[in-house]
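*Asks:* Sharing a structure with you now.
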Amino acid sequence: MTRVISLIILLLVASPGLVALDPVISKVTAGELVRDALASLGEDSGGSKIPVDPWDYYWAPDFITLQAEVLVPSKGIVSMRYFAVNPWTGDVWDAMACALITSPTIKRIQDEIWKSSKLPDEARHFLEARAPACTPAKPERNPAQK
């Protein structure tokens, strides 16, 4: 128990540059998670393999950041989507919408990632709480409020 508390305190207090946990997943696995996220959003381009490439997103240096080219058949255009994947848990974030994307398939893969990570179970909650530095949309203001 002392080891777990020490790990959590170290993760909370130390800056990301001082403590470097090795990523648990590879860029290839992160790319597959992004494809699963796109499929869960209905943007899988009819089942074809969506191109997923690295993307430099400086506000999420600890994350695996990727961009995906999604064909929008109804408009005949390619739309770029941007993602940040937590390298310890497999959480997939839409980096522009600042939204966590999940599905039963993604959840199953994340559970497999965690089992193979050999990190203490107590650290999972802390690592899952990490998010890329993005600004969520401001809530709509009620006109009655001033």
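*Asks:* What nm value, rounded to one decimal, do you get for the distance between Cys98 and Ala129 when each label is placed 7 Å out toward the C-beta?
*Replies:* 1.8
*Asks:* A further question follows. All other residues with a Cβ under 13 Å from the Cβ of Gln110 taken together, and with Lys, Arg as +1 and Asp, Glu as -1, what is their net charge?
*Replies:* Local charge sum for Gln110: -2.
*Asks:* Can you tell me what percent of all Cα-Cα pairs in the range 15-103 are more than 21 Å apart?
*Replies:* Cα-Cα pairs in the range 15-103 separated by more than 21 Å: 29 percent.
*Asks:* Sticking with this one: As an exercise, use a Förster radius of 25 Å and the Cβ-Cβ distance of Ser79 and Asp56 to find the FRET efficiency, rounded to the nearest 0.05. Write out the running numbers ahead of the final one.
*Replies:* Values: r = 19 Å, r/R0 = 0.77.
E(calc), rounded to 0.05, equals 0.80.
*Asks:* To continue, here is another question. Along Cα→Cβ, 7 Å out, is where each label goes; now give me the distance between the ones at Lys49 and Lys27 in nm to one decimal.
*Replies:* Each label point is offset 7 Å from its Cα along the Cβ direction, giving 1.6 nm.
*Asks:* Using Cβ contacts closer than 10 Å as the measure, can you line up Val52, Val70, Val78 from fewest to most?
*Replies:* Val78, Val70, Val52
Values quoted throughout were computed directly from the atomic coordinates according to the rules given, and no laboratory measurement underlies them. Treat the numbers as computed from the prediction; the structure is a model and nothing was measured. Glycine gets a Cβ as well: all are built from the backbone with ideal geometry, and neighbour counts include every protein chain shown.
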